[in-house]
Structures are given as structure tokens and as C-alpha cells.
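The values are calculated or read from the model by the stated rules, or taken from the named source; none is laboratory data. A quick note: this is a predicted structure, and the numbers were derived from the prediction, not measured. Cβ coordinates were reconstructed from backbone atoms using ideal geometry, including for glycine residues, and neighbour counts include every protein chain displayed. To get the accessible areas, we keep the full protein, side chains included, count just its heavy atoms, and leave off ligands, DNA and RNA. Shrake-Rupley method; radii C 1.70, N 1.55, O 1.52, S 1.80 Å.
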Amino acid sequence: NNQNLDITPWMREFLKRNERNFKKAKVVFDAHAEMKLFVDTALFEMLISNLILNGIKYNNEQDKEINISVENLNEKFISIKVIDNGIGIEPKHFRHLFKKFYQVGDAMNMTAKGSGLGLYLCSMIVSLHKGKIIPSINTAQGMTFNVLLPKVRGQ
């Protein structure tokens, strides 16, 4: 179900609608512009949910925080950053992060959590929308996932 999506009001409504799913963290949304995307809304929702829930799940902080920002990157793309204050991922794992069933940690000592499908699904959704997802480690702690998606033409 692809449609033009005005990202800022959609994100605010999505976060309000999913408040109880994200209640273990403070989720802050900051938009720097009004932008439209042409996306499959169900898949887009799955993408954003997965990134937020990962930021909550892989986080040992007392005060878990997820910051989401949306901004114009250039004429063609917008950037949606999902930034957490969690445990982070060592850069040596980045090239494997989006592979099916890849997990950081060890299944034997239970440091691996989840199914290894969340980030794989995120990368598939981003690919379907002709975008990119770029992981980076934050200087203080935690991760940033920068999702670059094409804008609706004529913006």
C-alpha cells in the first residue's frame, strides 16, 4: 500500500499510537522540515518500530533514550536518524549487521538476543524503497541508524 506520507505528522502520530510499546524508554522526535516520502506505510512502520525496539532491547541504561530526527539531506534524499544510548555495536560487526540471522553476541552465553531478523528486515524494507541504512557508533555510547530514503519528486 504505497502512498505519499508527510513524515513529520505521521511520525508524531505513530509515536503516540505506539507509546505503550516504547514505554521503557524516553522517545524524542525532532523534525527539521516538512517532507514527503512515497512508502509502503505498513513496511515503513515496521522499519521504524524495529529500530526503536532494538535501541530499547540492547540498552542497559537506567534512563533509556531514543532520539529520532528527520531532515533534508539533499535534493533527492531525506535522512531519518534513530539514535539510542544503548550498548552499541563494535564497527567490526557493521558489514554483517544486515545479514539474515546474524547476531552480535554469543548464543552459548546468552549475550545474543532476538532472532537475528530485525536488522535484516530493516535493510530489506529500505532496499525496497531504494534507500540506504547506515549504522554508526555514537561517541558517548549507543548507536545511530541513519535511514536515507528518496523524497517525493518536486519537493
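Side notes on the structure shown:
- Of all residues in region 42-72 being out of contact with any helix residue (DSSP H, G or I) (no Cβ under 8 Å at 6 or more places or on another chain) and over 20 Å from ILE137 (Cβ atoms), the one that is surrounded by the fewest Cβ atoms within 10 Å (Cβ to Cβ): GLN62
- On the stretch given as region 8-23, residues that are out of contact with any Asp or Glu (no Cβ under 8 Å at 6 or more places or on another chain) and surrounded by 12 or more Cβ atoms within 10 Å (Cβ to Cβ) total 7.
- Where a residue in region 11-31 is closer than 14 Å to LEU51 by Cα and its partner, wherever it lies, is open to solvent by 40 Å² or more (accessible area, probe 1.4 Å) and β-branched (Val, Ile, Thr), with Cβ under 6 Å and at least six apart: LEU15/VAL27
- For region 36-65, filtering for residues that are under 21 Å from GLN3 (Cα atoms) and touching a Lys or Arg at 6+ places or on another chain (Cβ under 9 Å) leaves 3.
- Residues of region 66-81 that are assigned to a strand (DSSP E or B) and either more than 13 Å from GLU34 (Cα to Cα) or touching a Lys or Arg at 6+ places or on another chain (Cβ under 9 Å) (or both): ILE66, ASN67, ILE68, SER69, VAL70, GLU71, ASN72, PHE77, ILE78, LYS81.
- Qualifying residue in region 73-85 (condition: more than 15 Å from the chain's Cα centre (by Cα) and open to solvent by less than 20 Å² (accessible area, probe 1.4 Å)): no
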